[in-house]
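All remarks here apply to the structure that follows.
The values are calculated or read from the model by the stated rules, or taken from the named source; none is laboratory data. As the structure is a computational prediction, the values presented were derived from the model and not from experiment. Cβ placement follows ideal geometry from the backbone for every residue including glycine, while neighbour counts extend to all protein chains displayed.
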Amino acid sequence: MIYHASTIAIVVFAAFVGLVLALSFWLASRAKSASGYFAAHGQVGWFVNGIAFAGDYLSAASFLGICGMIAFFGYDGFLYSIGYLAGWIVALFVIAEPIKKLGKYTLADALNAKFNSRGIKLIAAVATLVISLFYLVPQMVGAGALVKPLLGLPHWAGVMMVGSTVTVIVATGGMVSTTWVQFVKGTLLVIVCAFVVALLLQRGFSLPASPIESTEVQTISKGPTGTIVNGEPLSSENQLDSQLRNKHGLGFGSVAVLPNGSTSTGPLGPLAYIKTFSESTITTWRKGSDPSGATTFTPVQRTGSDLLLPGSSSTFKSVRSDGFFAKLDFLSLMLALFLGTASLPHILIRYYTVKDAASARKSTVVGIAAIGVFYILTLYLGIGAMTSGALDPTDSNMSAPLLARTFGNGIFAVISAVAFTTVLGTVSGLILAGAGAVAHDLMKDYWGMDLSDRQQVRAARFAAIGLGITAIVLGIFFEKMNVTFLVGWAFNVAASANLPALVMLLFWKRTTKAGVISAIAVGLVSSLAWILASADTLEKVFGYSVTDAASSALVPFSQPAIVTVPLGFVILILVSLFTSKAQSCPR
Amino acid sequence: MVASHLPTRRRWLAPILFWIYTVSYAAFVVAAAFFTFQNGEPVGGLAQPAFFGLSVGIVGGFGLIFGAFLLAMIYALLGPRDQGDPPRAKK
């Protein structure tokens with residue numbers, strides 16, 4: 001699709017980025033000490049921290065990825081919403097208060113609080129860097145997806161813009177500016193999305209001007225002279241959805257049949273909206289290819305009730321299969337989402353920014369409220385996008401901004417700018433977690449470099465710049481991947497590497513430092529190896545066909561958590577038992 | 001003033017609330033995996049109607065999201081006191 005920039009979009013976007021950068025420079029003076037840079041002096045209020053949790057957590061995967069997945073596949077995206085929120089229960093009831101009491105600046109601080117081990121510092125820092133990089137990729141991909149319609153720029157330009165803006169935020173203001181950027185972002189995201197959902201409910205559903213026939217296949221291919229759409233060169237007048245718009249008044253994604261034979265519903269309440277959708281028939285588009293190699297999009301009518309069941313996407317198709325390993329794949333992903341949240345380094349370091357354990361608890365409750373509201377909204381945004389006639393079938397990540405555009409350029413500009421700050425907020429948290437791992441855990445504690453407070457901050461600033469550049473390169477490389485899918489992997493790795501060590505450290509007195517090191521190392525390596533050897537990776541990263549990927553995969557299903565999380569626990573227990581006499585956990 | 005012994009009170013609440021939610025989440029996931037489809041066709045589980053024309057999948061999903069907030073609020077209001085908490089008003 002060709003996207004043209006609108007002036008209002010550019011103005012709103014520039015205002016948002018300017019505000020965020022101004023905030024960072026203004027707050028930079030408060031982040032000159034290590035305590036200020038890494039933990040905002042532990043003086044962030046619990047309410048601000050709670051909303052900042054939402055700002056940190058509601059990433060491009062949540063906003064762009066989940067909305068896109070619901071818009072393309074229905075209920076499957078909502079399963080991510082459910083799993084992502086459920087993970088906060090583990091954070092609240094198991095991790096929040098102890099981690100606040102144990103740690104100082106980084107996750108490694110908490111894991112190492114009772115041992116003073118260089119080995120724990122090293123492996124925890126490596127795990128933090130790997131998980132943060134895994135999580136960074138989808139955020140950067142989301143950034144690239146956003147600037148295409150917003151500014152009419154190519155994907156790589158969006159990735160560069162986010163990477164450089166975030167690097168400035170983190171390098172200047174550390175946790176102080178990151179907290180406020182995340183607070184502003186979290187607030188705006190929930191409010192703006194609620195506003196769009198209110199508009200959606202007011203609009204209800206309506207049919208296109210004429211029915212879309214199953215023979216109206218749309219094609220796109222790369223030819224020697226450029227992109228060919230439906231047999232003609234791609235242009236502003238001949239885009240992928242141009243034929244549909246000219247004939248039916250709507251592009252991709254529309255309602256085919258409404259209940260009771262009506263052509264329009266008018267305004268609907270929140271429950272009636274879902275009920276009406278489930279009783280309707282929806283025109284979805286199946287991606288395929290024709291004999292010439294062109295990509296085809298074929299209209300397929302599906303009932304709303306079927307779309308509100310899991311299993312339409314490749315990630316969750318295993319739910320509809322009767323195979324044992326297919327079921328395990330689904331259970332494993334849902335387990336990873338449940339356990340991963342409380343294992344994400346960039347989330348855990350937010351607990352160091354409040355003054356005590358009580359504030360940690362209260363801020364988690366505020367975070368759950370804000371995040372829960374947002375995830376409810378994602379279902380409406382996804383269904384709205386699916387029936388808006390505005391989808392880009394080549395890019396699911398664009399669904400939410402394109403839905404906003406159906407309400408006018410002003411709303412589109414605001415929601416795209418908010419989505420952009422969404423990426424900024426999450427990426428700044430990730431880069432800060434990585435910078436802390438490099439400067440505080442590796443340079444100061446593991447390598448024993450004699451760094452003063454200010455030198456440590458300076459090292460973290462340089463680490464942030466390095467991580468920012470890395471994020472840019474990865475964001476460009478992984479352009480075509482659905483961001484939610486990638487985040488699912490990050491949750492698997494985080495849960496496998498960090499959760500066994502965190503939980504056993506808190507609840508099993510016989511945990512030893514060798515046990516902690518082994519659990520993190522085994523969890524990290526085994527989950528990464530499993531992902532690399534899986535059919536999903538072969539298909540979606542290395543471009544294998546579905547059948548080739550299935551036959552070449554070295555593991556029976558793609559999501560590792562159901563194997564690698566228990567493995568981490570077993571390794572920790574065994575190694576701790578073998579080493580308990582020599583190095584029991586000090587009390 | 002907050003008495004020093006208060007942090008140990010109601011420590012049982014967090015594990016209970018945690019397991020209530022974990023069992024609910026597990027039941028939902030198991031229902032999706034094993035009881036919703038047979039031979040690729042919806043037969044029950046999340047596909048069953050719940051109320052107001054909505055399926056168990058939708059009602060259960062909303063329930064897990066609202067339930068998380070409800071349990072978090074219960075914990076915030078009734079959970080153990082810590083040094084940083086303001087004292088509860090006496091009745």
**Q.** Options A:Leu379, A:Leu348, A:Leu333: the member that is of a type outside the set (Lys, Arg), in a helix (DSSP H, G or I), closer than 20 Å to A:Leu506 by Cα and not assigned by TED's automatic domain parsing to the domain that holds A:Thr276
**A.** A:Leu348
Q) Does A:Lys148 qualify as being assigned to a helix (DSSP H, G or I), in contact with a helix residue (DSSP H, G or I) (Cβ under 6 Å, 6 or more places away or on another chain) and at pLDDT below 85? A) no
Q) Of A:Leu27, A:Leu85, A:Leu19, A:Leu92, which residue is within 13 Å of another protein chain (Cβ to nearest Cβ) and over 14 Å from the mean Cα position of the chain (by Cα)? A) A:Leu92
(Q) Here is a check on your reading of the model: is A:Lys317 among the basic types (Lys, Arg), touching a helix residue (DSSP H, G or I) at 6+ places or on another chain (Cβ under 7 Å), within 12 Å of chain B (Cβ to nearest Cβ) and surrounded by fewer than 19 Cβ atoms within 10 Å (Cβ to Cβ)? (A) no
Q: Quick one: which residue in A:Ile347, A:Ile383 is at pLDDT 95 or above and either farther than 22 Å from A:His155 by Cβ or surrounded by 24 or more Cβ atoms within 10 Å (Cβ to Cβ) (or both)?
A: A:Ile383
Q: Return yes or no: is A:Leu79 more than 18 Å from the chain's Cα centre (by Cα), part of a helix (DSSP H, G or I) and within 14 Å of chain B (Cβ to nearest Cβ)?
A: no
Q: Among the residues of region A:518-535, write down those that are free of Cβ contacts under 8 Å to residues at least 60 places away in the same chain, surrounded by 17 or more Cβ atoms within 10 Å (Cβ to Cβ) and either farther than 15 Å from A:Leu499 by Cβ or among the aliphatic types (A, V, I, L, M) (or both).
A: A:Ala519, A:Val522, A:Trp530, A:Ile531, A:Ser534, A:Ala535
**Q.** Residue among A:Tyr446, A:Tyr351 that is touching a helix residue (DSSP H, G or I) at 6+ places or on another chain (Cβ under 8 Å), within 14 Å of chain B (Cβ to nearest Cβ), of a type in the set (Ser, Thr, Tyr) and farther than 22 Å from A:Gly142 by Cα
**A.** A:Tyr351
Q) Would it be correct to say that A:Gly367 is without any contact (Cβ under 8 Å) to a residue 24 or more places away in the chain and either within 10 Å of another protein chain (Cβ to nearest Cβ) or under 26 Å from A:Gly74 (Cα atoms) (or both)? A) no
(Q) For the list (1) more than 14 Å from every other protein chain (Cβ to nearest Cβ); (2) within 24 Å of the chain's Cα centre (by Cα); (3) farther than 30 Å from A:Leu309 by Cβ; (4) buried (at least 24 other Cβ atoms within 10 Å of the Cβ), I need the number of the one condition that A:Ala110 fails. (A) (2)
Q: Kindly list the number of the only condition in (1) in contact with an Asp or Glu (Cβ under 9 Å, 6 or more places away or on another chain); (2) part of a helix (DSSP H, G or I) that fails for A:Tyr105.
A: (2)
Q. Before we move on, is A:Ser289 without any contact (Cβ under 8 Å) to a residue 12 or more places away in the chain and touching a Ser or Thr at 6+ places or on another chain (Cβ under 7 Å)?
A. yes
Q: Could you please tell me which pairs satisfy a Cβ distance under 6 Å, a separation of 6+ or placement on different chains, a first residue in region A:249-268 that is without any contact (Cβ under 8 Å) to a residue 40 or more places away in the chain and within 16 Å of A:Gly304 (Cα to Cα), and a second residue that is part of a loop (DSSP other than H, G, I, E, B) and among the acidic types (Asp, Glu)?
A: A:Pro259/A:Glu279
Q: Would you be able to tell me the number of residues in region B:43-73 that are touching a strand residue (DSSP E or B) at 6+ places or on another chain (Cβ under 9 Å), touching a residue at least 12 places away in the same chain (Cβ under 8 Å) and at the interface with another protein chain (Cβ under 7 Å from one of its Cβ atoms)?
A: 2
(Q) Can you pull out every residue in region A:24-49 that is part of a helix (DSSP H, G or I), of a type in the set (A, V, I, L, M, F, W, C) and within 22 Å of A:Tyr105 (Cβ to Cβ)? (A) A:Leu27, A:Ala28, A:Ala31, A:Ala34, A:Phe38, A:Ala39, A:Ala40, A:Trp46, A:Val48
Q | Residue within region B:25-42 that is surrounded by fewer than 22 Cβ atoms within 10 Å (Cβ to Cβ), assigned to a helix (DSSP H, G or I), of a type in the set (Val, Ile, Thr) and more than 12 Å from the chain's Cα centre (by Cα) present | A | yes
Q. Of all residues in region A:349-368, which are of a type in the set (D, E, K, R) and under 16 Å from A:Gln182 (Cβ atoms)?
A. A:Arg350
Q) On the given criteria, is A:Phe38 crowded, with 24+ Cβ neighbours inside 10 Å, touching a Phe, Trp or Tyr at 6+ places or on another chain (Cβ under 7 Å) and within 21 Å of A:Gly468 (Cα to Cα)? A) yes
Q.
I'd like the full set of residues that are among the small types (Gly, Ala, Ser) and under 19 Å from A:Thr353 (Cα atoms), limited to region A:94-131.
A. A:Ala96, A:Gly103, A:Ala108, A:Ala110, A:Ala113
Q) Out of all the residues in region A:402-412, is one or more aromatic (Phe, Trp, Tyr), in contact (Cβ under 8 Å) with a residue 60 or more places away in the chain and buried (at least 21 other Cβ atoms within 10 Å of the Cβ)? A) yes
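Kindly indicate whether A:Val192 is of a type in the set (Val, Ile, Thr) and surrounded by 24 or more Cβ atoms within 10 Å (Cβ to Cβ).
no
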(Q) Under 6 Å between Cβ atoms, which residue pairs at least 6 apart in sequence (or on different chains) link something in region A:321-337 that is more than 7 Å from chain B (Cβ to nearest Cβ) with a partner that is among the hydroxyl-bearing types (Ser, Thr, Tyr)? (A) A:Ala326/A:Ser318; A:Asp329/A:Ser318; A:Asp329/A:Ser558; A:Leu337/A:Tyr84
Q) Within region B:27-42, can one find any residue that is touching a Phe, Trp or Tyr at 6+ places or on another chain (Cβ under 9 Å), more than 7 Å from chain A (Cβ to nearest Cβ) and under 23 Å from A:Leu333 (Cβ atoms)? A) no
Q) Any idea which of A:Ala495, A:Ala471 is in contact with a Gly (Cβ under 6 Å, 6 or more places away or on another chain), surrounded by 24 or more Cβ atoms within 10 Å (Cβ to Cβ) and closer than 28 Å to A:Ser33 by Cβ? A) A:Ala471
**Q.** Scope region A:379-397; condition closer than 18 Å to A:Ser206 by Cα and polar (S, T, N, Q); matching residues
**A.** A:Thr387, A:Ser388
